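The values are calculated or read from the model by the stated rules, or taken from the named source; none is laboratory data. Treat the numbers as computed from the prediction; the structure is a model and nothing was measured. Cβ atoms come from the backbone with ideal geometry, glycine included; neighbour counts cover every protein chain shown.
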Amino acid sequence: MPSERTRLSVNGRDHELELDTRVSLLDCLREHLRLTGTKKSCNQGACGACTVLLGGERVNSCLVLAVQCAGSEVTTIEGMSSHQVGKAVQEAFVAHDALQCGYCTPGQICSAVGMLAEVEAGVPSALGEAPAALTEAQIRERMAGNLCRCGAYNGIVAALREVVR
């Protein structure tokens with residue numbers, strides 16, 4: 001098996017790892033670093049449960065090879081408590097009951113933090129609306145890559161509207 005020595009920065013900590021070059025970032029986080037907050041669900045990039053921030057941008061960690069992440073900061077749900085916006089999103093999720101079983105919540109929160117950064121940077125939504133408005137429709141569109149089998153979408157939207165205010 002081809003392996004490579006890789007230095008990853010995860011939640012502000014550097015890790016030196018010998019990894020099979022085919023290991024996904026998701027599997028590296030869960031199996032090698034024991035950061036199990038990032039969830040493995042579809043393993044095909046369709047559900048968003050494994051969303052993390054890579055260099056500040058949201059990615060499905062199941063679709064990224066760990067060795068590709070060398071030199072970039074990875075932020076997982078475990079790192080959100082020390083992230084100003086991440087902490088605000090977590091608190092709003094609790095206040096608005098934006099979760100039920102909680103399985104998708106880590107990915108939802110990481111995705112929400114990435115989405116809010118996109119809005120702040122002026123990235124337009126697929127709806128073509130100005131990001132400054134951040135309507136309910138925009139929040140739903142921008143968060144569409146993260147599925148919730150329990151249907152906590154109304155609470156998620158309410159939580160994110162609170163954070164935006």
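Key figures
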quantity: The range 1-10, residues that are surrounded by 19 or more Cβ atoms within 10 Å (Cβ to Cβ) and either free of Cβ contacts under 8 Å to residues at least 40 places away in the same chain or under 24 Å from Gln90 (Cα atoms) (or both); calculated: Val10
quantity: Considering residues of the range 27-37 that are assigned to a loop (DSSP other than H, G, I, E, B) and in contact with a helix residue (DSSP H, G or I) (Cβ under 7 Å, 6 or more places away or on another chain) only, the residue surrounded by the most Cβ atoms within 10 Å (Cβ to Cβ); calculated: Leu35
quantity: Neighbours by Cβ (under 8 Å, 6+ apart or cross-chain): first from the range 24-52, within 27 Å of Glu141 (Cα to Cα); second part of a helix (DSSP H, G or I) and acidic (Asp, Glu); calculated: Gly37/Glu78; Lys40/Asp27
quantity: Residue match in the range 119-126 (condition: within 16 Å of the chain's Cα centre (by Cα) and either closer than 13 Å to Val89 by Cβ or in the same structural domain as Val89 (by TED's automatic domain parsing) (or both)); calculated: yes
quantity: Qualifying residues in the range 85-117 (those that are without any contact (Cβ under 8 Å) to a residue 40 or more places away in the chain and within 15 Å of the chain's Cα centre (by Cα)) - the one surrounded by the most Cβ atoms within 10 Å (Cβ to Cβ); calculated: Ile109
quantity: Qualifying helices (runs of 4 or more DSSP H) (wholly inside the range 65-152; at least 2 residues being touching a Phe, Trp or Tyr at 6+ places or on another chain (Cβ under 8 Å)); calculated: 105-120
quantity: Flag for Cys69 being surrounded by 22 or more Cβ atoms within 10 Å (Cβ to Cβ), within 12 Å of Leu26 (Cα to Cα) and more than 12 Å from the chain's Cα centre (by Cα); calculated: yes
quantity: Condition check for Glu118: modelled with pLDDT under 95 and farther than 15 Å from Val52 by Cα; calculated: no
quantity: Ser24 vs. criteria out of contact with any Asp or Glu (no Cβ under 9 Å at 6 or more places or on another chain), surrounded by 14 or more Cβ atoms within 10 Å (Cβ to Cβ) and not hydrophobic (A, V, I, L, M, F, W, C); calculated: yes
quantity: Of all residues making up the range 13-55, the number that are on the phi < 0 side of the Ramachandran plot and within 12 Å of the chain's Cα centre (by Cα); calculated: 11
quantity: Enumeration of residues in the range 143-165 that are among the polar types (S, T, N, Q) and crowded, with 18+ Cβ neighbours inside 10 Å; calculated: Asn146
